[in-house]
Amino acid sequence: MTVTRVLVLAVALLAAAAPVHAQISDGVIKLGIMNDQSGTYADISGPGSTVAARLAVEDFGAAKKGMKVEIVVADHQNKPDIGSSIARQWFDAEKVDAIVDVPTSSVALAINQITRDKGKAFLVSGAAASDLTGKACSPNTIHWTYDTWALANGTGSAVVKTGGDTWFFLTADYAFGHALERDTEAVVVKSGGKVVGKVRHPFPTADFSSFLLQAQASKAKIIGLANAGADTINAIKQGADFGIVRGGQQFAGLLVFISDVHALSLERAQGLVLTEAFYWDLNERTRAWSKRFAAQHHGAMPTMVQAGVYSAVLHYLKAVEALKSDDGTKVIAKMKDMPTDDPLFGKGTVRADGRKLHPMYLFEVKKPAESKGAWDYYTVRATIPVEQAFRPLDQSDCPLVKK
Amino acid sequence: MTVFGIPAQALFGQLLIGLINGAFYAMLSLGLSVIFGLLNIINFAHGAQYMMGAFVAYFALQWAGLGYWPSLLIAPVVVGLFGVLLERTMLKRLYHLDHLYGLLLTFGVALVVQGLFRNEFGSSGLPYAAPPQLTGGYNLGFMFLPTYRAWVVVFSLVVCLGTWYVIERTKLGAYLRAATENPTLVQAFGIDVPRMITLTYGFGVALAALAGVLAAPIYQVNPLMGADLIIVVFAVVVIGGLGSIMGSIVTGFGLGVVEGFTKVFYPEASNTVIFVIMALVLLVRPSGLFGRTA
């Protein structure tokens, strides 16, 4: 009896101690797309991110190169506990190599930690909190598309420069809202403005009437919406009912996606100034890709999050091909070594703290008369060059960055 | 003059907002109360039916060019018919069983309906404008009150009180209440009890759809609009007392006001304050504030 037990133990130990050699784990590159499939953020990322990922795998030509790529999808319902248990299940039991997308910063921060513990890869497109390349930075995570610092810097300083110097914040009460409020407040104060009040609303909230009343009572010139998705849409829509704009105040949508403008309609959204990393109508290449995307996504144009998923997956696959391994930490390091190039974001780089760099754009929503058709919503107000778009490395509190 | 650091004027504004939210809670909990109180069915599909009412109003505008006022009649009728169909084909088979089966069935129906709509229409919602007669608002000094929201409060009050009157003070209502207490005896008197039950379920569902049409211009017409609201409405019904019509009306408006005040003093808790109250009420008075002990 004891001998058998010892033998079994020995075999088990031997199997567990199998040498780690540079090769694709079980011959399959498995990508996990995790986002909000049906709730507040479903139109920003949702099923569209899966479409984008599949387009990336197709364009990379995985089949021709003899690489097997599998995509699995899960809904984290914007809850960190659900996201965490899916991530653990994926990494431990289903041999997923990289998790992609993950909007909702609280979930992203949780998965950031799990991915680091397990040495896998995490490509964040959806979440915004700049802490992902700040104090929570990790050698296993790349923050791809945008972050709260870039939004604050783009929209915040542009609004203050045009005279909006008193602010009232309407903040979603969770990690993302707090981060966006913090980063924007810093920009406003630095540009010479003042924050006269703030209120934190539960996430998600359907009825903003009470909070809008408080914003009106503050008499701030600008009501900063430190929220996203359905929350932003509801706040702007109800703000129109309560005569916010008529009363002389203006909304600053700190995180607005093209899907939000589509849901609001140009009548309500016109004049909104916003910062994004991508717009389907920027140039020939973005137009061509976006039409392919829309054909598989019931006619809806891609948001910057979905474009970011495409770009991140493409670069990831290139790195895996070059490295001939899908070991998370090594692939992320390789992705930082290789410059990026894709039809959506052009040429770019990934920095040591995990921040992907590309220009950001300041857009203004067109008036209904200026729009020539469906999804023709933005005019480019300014291009924020790469050097100014994201938080400079010397201001970062990321432990990975050697000072 | 300030109350706990908030100027009194701002507080009146919040009180008014609370009443508006309370109007929705009252209308929805009224429908639920009618269905539960008279039919002993826990109608978890109520939120989905509220959402369907808003969508019928949207479709009526898109496909038939029918505006808000006709939709106030069309949506309850259409969704009410759907409710009648649901009752006739599925719910009536469960009456002799435990409450839980009705709950499970209606919960399942809610998930299916919401899933279908979300699949088709996404989750960001569709725009629906208030009718031109109700746009604009009144500057009351302490706040700007949109005309449409004032209309919501007034209309809900009228509908709620009208329903209460019919059920508690008319002969038809008396038959309904009797039929719930003792269906066999009432049937023996020649009253078609199954048909009354079907029509009552349809009426409760129509009330939900009516609330949906009222909500469409305020919130986005959105497949998830019911799911978020239904949990709160259930809490309201439980606090008011399952089966008490006046209880759900009073509690609906009252809790709307309480929630409104919470949003001023401690907004982070505004999502949960109603459940805290529900827990307290259940500890002290398990049958609810106005409920009759069964």
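The values are calculated or read from the model by the stated rules, or taken from the named source; none is laboratory data. Here the structure is a predicted model, which is why all the values come from computation and not from measurement. Glycine gets a Cβ as well: all are built from the backbone with ideal geometry, and neighbour counts include every protein chain shown.
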Only one residue in A:371, A:311 is of a type in the set (S, T, N, Q) and either outside the structural domain of residue A:91 (by TED's automatic domain parsing) or modelled with pLDDT under 90 (or both), so which one is that?
-> A:371
Go through the residues of the stretch B:51-61 one by one and say whether even a single one is out of contact with any helix residue (DSSP H, G or I) (no Cβ under 8 Å at 6 or more places or on another chain), in a helix (DSSP H, G or I) and of a type in the set (A, V, I, L, M).
-> no
May I ask you to list the residues in the stretch A:171-220 that are in a loop (DSSP other than H, G, I, E, B) and within 14 Å of chain B (Cβ to nearest Cβ)?
-> A:173, A:174, A:202, A:203, A:204, A:205, A:206, A:207, A:208, A:219
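Per-residue answers, yes or no, for (1) of a type in the set (A, V, I, L, M); (2) within 14 Å of chain B (Cβ to nearest Cβ):
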residue	(1), (2)
A:254	yes, no
A:262	no, yes
A:278	no, no
A:303	no, yes
A:329	no, no
A:340	no, no
By residue number, the members of the stretch A:85-105 that are among the small types (Gly, Ala, Ser) and under 12 Å from the mean Cα position of the chain (by Cα) are A:105
Across the stretch A:280-296, what is the total count of residues that are part of a helix (DSSP H, G or I), more than 14 Å from chain B (Cβ to nearest Cβ) and among the hydrophobic types (A, V, I, L, M, F, W, C)?
-> 4
Which residues, counting only those in the stretch A:374-403, are among the polar types (S, T, N, Q) and either buried (at least 16 other Cβ atoms within 10 Å of the Cβ) or in the same structural domain as residue A:307 (by TED's automatic domain parsing) (or both)?
-> A:396
Assess whether residue A:246 counts as being of a type in the set (Lys, Arg), without any contact (Cβ under 8 Å) to a residue 24 or more places away in the chain and within 10 Å of another protein chain (Cβ to nearest Cβ).
-> yes
Of the numbered conditions (1) among the hydroxyl-bearing types (Ser, Thr, Tyr); (2) closer than 21 Å to residue A:361 by Cα; (3) touching a residue at least 24 places away in the same chain (Cβ under 8 Å), residue A:218 fails exactly one; give the number of that condition.
-> (2)
Does residue B:198 meet the test of being away from chain A (no Cβ under 14 Å), surrounded by fewer than 21 Cβ atoms within 10 Å (Cβ to Cβ) and in contact (Cβ under 8 Å) with a residue 12 or more places away in the chain?
-> yes
Mind checking which residues of the stretch B:161-190 are within 18 Å of residue B:27 (Cα to Cα) and among the acidic types (Asp, Glu)?
-> B:168
Verdict on residue A:196 being out of contact with any strand residue (DSSP E or B) (no Cβ under 6 Å at 6 or more places or on another chain), surrounded by fewer than 19 Cβ atoms within 10 Å (Cβ to Cβ) and over 23 Å from residue A:150 (Cβ atoms) | no
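So that you can scan it fast, the table gives a plain yes or no per residue for (1) surrounded by 18 or more Cβ atoms within 10 Å (Cβ to Cβ); (2) within 20 Å of the chain's Cα centre (by Cα); (3) at pLDDT below 85; (4) farther than 30 Å from residue B:12 by Cβ:
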{"position": "B:96", "(1), (2), (3), (4)": "no, no, yes, yes"}
{"position": "B:101", "(1), (2), (3), (4)": "no, no, no, yes"}
{"position": "B:106", "(1), (2), (3), (4)": "yes, yes, no, yes"}
{"position": "B:111", "(1), (2), (3), (4)": "no, yes, no, yes"}
{"position": "B:115", "(1), (2), (3), (4)": "no, no, no, yes"}
{"position": "B:120", "(1), (2), (3), (4)": "no, no, yes, yes"}
{"position": "B:131", "(1), (2), (3), (4)": "no, no, no, no"}
{"position": "B:137", "(1), (2), (3), (4)": "yes, no, yes, no"}
{"position": "B:144", "(1), (2), (3), (4)": "yes, no, yes, no"}
Conditions: (1) assigned by TED's automatic domain parsing to the domain that holds residue A:129; (2) in contact (Cβ under 8 Å) with a residue 40 or more places away in the chain. Residue A:263 meets all but one. Number of the miss?
-> (1)
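This table checks each residue for (1) under 18 Å from residue A:301 (Cα atoms); (2) touching a helix residue (DSSP H, G or I) at 6+ places or on another chain (Cβ under 7 Å).
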position: A:30; (1), (2): no, no
position: A:34; (1), (2): no, yes
position: A:56; (1), (2): yes, yes
position: A:63; (1), (2): no, no
position: A:68; (1), (2): no, yes
position: A:71; (1), (2): no, yes
position: A:91; (1), (2): no, yes
position: A:95; (1), (2): no, yes
Counting only residues that are polar (S, T, N, Q) and part of a loop (DSSP other than H, G, I, E, B), which one in the stretch A:10-59 is modelled with the highest pLDDT?
-> A:45
Here are some conditions: (1) away from every other protein chain (no Cβ under 14 Å); (2) in contact with a strand residue (DSSP E or B) (Cβ under 8 Å, 6 or more places away or on another chain). Residue B:33 meets all but one. Which one does it not meet?
-> (2)
